[in-house]
Structures are given as structure tokens and as C-alpha cells.
Amino acid sequence: MVLRYIGMPVQLFIIAVFMLFIITGCTELEGTNDNGRKETGDAESSPPVSEKVDESIIDEIVELKKTEGTWKVEKKLKKMAEEDPEKARTIAQIVEERFEQERGVVTTEVPDEIKQKDKRFLQEYGWTTSGLINSFKISLPDNFIHEPGEFPEAIYWAYNNELNKDIGKDLKPYLGEQVIVNLYDVKESLPEFMRPREDSGRAIVVRYQEDIIGSWMGAGRHDAFACSLKGNSREEITGKKWSKWVQKVIDPEHSQERKLAELNAEEVVKQYWNAADAGDQEKAYSLLSRCNIRSFLFSNMDNELIYNQRFQDATIGGLANIKSVELLDIEEQEPRESQHDLRDKKRFRVTLDKEVRSTITHGGGEQSRFMTLVKETPETGWRIKGIGTGP
């Protein structure tokens, strides 16, 4: 199994812990056991490290990752490594395995026969594979509807299924099923409209049992939405800009959507900061527009994946780093015009008094933020499109 992610690529974290291991105790290594693991002279009388790890410690670190982020986990494990490097490495691996299970992403081997079939399939559309990046099992969502506060994986699959339809395939009959995703590097550049990211292309091939049920091009971390295998964009395929297409993944009759639709723009701003102060991240995320929330799919993504699996993977600090926040003042300002988004907009300058758990991207104290809101759809009302530090 490939260890990949606890907020940063796991390989890098384990290397960091291993360096501490070298500094504090590698001179004691004297041999190798039957499994190839190096041991100290008295290792035969010691129980395996995994047996010495208290399950409560694992639970504590997993919860720490969820609530306060990777930086806190890294700090704690590095401190552990100073006392017991091997134990710290083992804990890092167990935590990663726990997160991998929760994410529902399980790495798998790809038979050469399947690689060759995928290669020939992609060649039909002019794409030449230069190597397999990763292969894993993952469950498709039950539907293509994104509910308020949910991580936007449904948006990922709905968007790319539009690209998939451009080659005559459709994921809809397989929703809720476990599939295998094969991710390949390709030699060719993405279409001109993808500039300046035309050299970041990867081919995604989705298989159910022996059949290819989906395939499209991606663009890797930060913004992976790209094009169909024919080189067409979602907008070219559907004839709809994002602001119109996104209505397809929203159920306006959902009870939470209806409640949020009753809020005016200023109330959305107030409820967002109230939720942040209360530690209610789900409520805070429910107040973001889908255009905003889709960025969590790819921001800081491990490039061996096709999207992040949770909000915490995408951010350093973020909502999890807010210990408390008070909204001191809110002032409406003139919104900026945009030819790319013609929806109704409102813009606010807010003054906050914030206390953070740790100074990462910003500190605590009184500070200003500029918030842009859009009417996401006529039925669902105002949502936060962006929050920035400058006007």
C-alpha cells in the first residue's frame, strides 16, 4: 500500500521523522530480522512497536488532525520522535491507514494487461501514456447532488461525467458502486484553453469490474478540472457557463437549502462568523457558494490522487485554526463587475476580533476581511463566493 497523505504527502512526513531517528539513534542499528526490519541489539526481547502503541494515542492524533490540522499532528509526532523515533514512525503510518480507510481510497495493483488496454483506449483519442501515477479503489457517490455543508465530491463526479459523456460514456448507472481509478501521466499537452496549465495533464480511467465506464483528462493539484478525451471543455459540451450548470447539482427543495434561501446577504455573513466562532464547520461550509467550495477539491492536493477527500486536506489552518472570532462591524460596499459571473452580487467589509490556535497564515487580533456574495441560484439565495484580506 502506498502511504500518501496526512495533510502533506506522508512520504515527506515519514522522511522528516526518519531524519530525527537517524540523529537520535541510528548508530544502535546492528542487523536485520527475517522481515528485513533493522533492529537494535536487544530487539529480540522487545515486543513489536505496533503492539506498544496505545490505541488511545492513535485516536487522539486522528482527532487532532481533524480539529486542528496537520501542523499540530506534525509538531506532536516530531516531539514523540525525539523520545522514540520508531514508535513515531509507526504511529504516522497507522494514522495514515486510518485516514485512508475513512476516505474510502484504497490503493491497488494494476495488471500489465489492464495497463495495455488503458493505453490502447487512450491512444484512440490521441493521448499517449508515459507512466502510471496511481491506482485505487473508490466509491462513487450515491447521486450527483451536493448538499449544503458536504465535501464536494459529488461536484467532482458530476462535472467530469459531463466530460465523460463527450466520448459516449456515463457514470450514472454505477452511482454508489466501488470502482477502480487508474491515473496516468501523458506526453501530450492539454488544449490551448488550459493555458498556462497545459503541461499538467493526466488521464483518468475509471473501471467497473472489467469495463471502462469513464475517462477524461485532469490537470492535477490546485484546479484539476480540465477537458474530455476529445479536448472539449465542460462549457463547450453542455453549452452552459458554471453559474447555469451548477444548478444541476443543487436540490432547491432540500430542507437546508430552503432555510438558507430565506437569509439575506448580511445574515449569511453573520451566520458564517457565528458558525466559525462556535466551531461548527459544517454550518460555515454550507454558507459557501459551490464555486467557492469546489476549490477544496484540489487545493494543496496530493498529486497521486484525483481530488482531496476532506476539507482539512485542502487548508493550512482555515476554520480549524479559529479558536474564537467576534464580528465587530459589517459594511456593505460596491461589488466588482465581472463578465464571467453575471449573477447578483454583494460585497462587504467586515471587522473581526479573532483568536487563533496558532499563527500560520495569519495571527489573531482585530482585522478586516472582504467578502463577496452571489445569488447562487434564483431558488437558493445568497452564498459566499470569496473571502479576502484586501479590497
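We did not get these values from a lab; they are worked out from the coordinates using the rules stated. Computed from a predicted model, the values in this text were never measured in an experiment. We place every Cβ from the backbone using ideal geometry, glycine too, and count neighbours over all the protein chains shown.
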Taking Pro196 as meeting all but one of (1) crowded, with 22+ Cβ neighbours inside 10 Å; (2) in a loop (DSSP other than H, G, I, E, B), write down the number of the exception. (1)
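Any residue at all in region 265-288 that is acidic (Asp, Glu), crowded, with 17+ Cβ neighbours inside 10 Å and farther than 20 Å from Ser135 by Cα?
yes
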Subset of region 131-152, residues within 22 Å of Asp223 (Cβ to Cβ), surrounded by fewer than 21 Cβ atoms within 10 Å (Cβ to Cβ) and not hydrophobic (A, V, I, L, M, F, W, C), comes to Asn134, Pro141, Glu150
Subset of region 120-157, residues under 19 Å from Leu171 (Cβ atoms), among the hydrophobic types (A, V, I, L, M, F, W, C) and in a strand (DSSP E or B), comes to Phe136, Ile138
Which residues, counting only those in region 153-173, are over 20 Å from Lys244 (Cβ atoms), buried (at least 17 other Cβ atoms within 10 Å of the Cβ) and not charged (D, E, K, R)? Ile167, Leu171
Residue match in region 200-217 (condition: of a type outside the set (Gly, Ala, Ser) and farther than 24 Å from Lys115 by Cβ): no
Could you check region 206-291 for helices (runs of 4 or more DSSP H) lying wholly inside it with 2 or more residues that are touching a His at 6+ places or on another chain (Cβ under 9 Å) and not aliphatic (A, V, I, L, M)? 242-245
Scanning region 182-191 for residues that are touching a strand residue (DSSP E or B) at 6+ places or on another chain (Cβ under 9 Å) and more than 20 Å from Asp313 (Cα to Cα), which turns out surrounded by the fewest Cβ atoms within 10 Å (Cβ to Cβ)? Lys187
Can you find a residue that is in contact (Cβ under 8 Å) with a residue 40 or more places away in the chain and touching a Pro at 6+ places or on another chain (Cβ under 6 Å) anywhere in region 219-234? yes
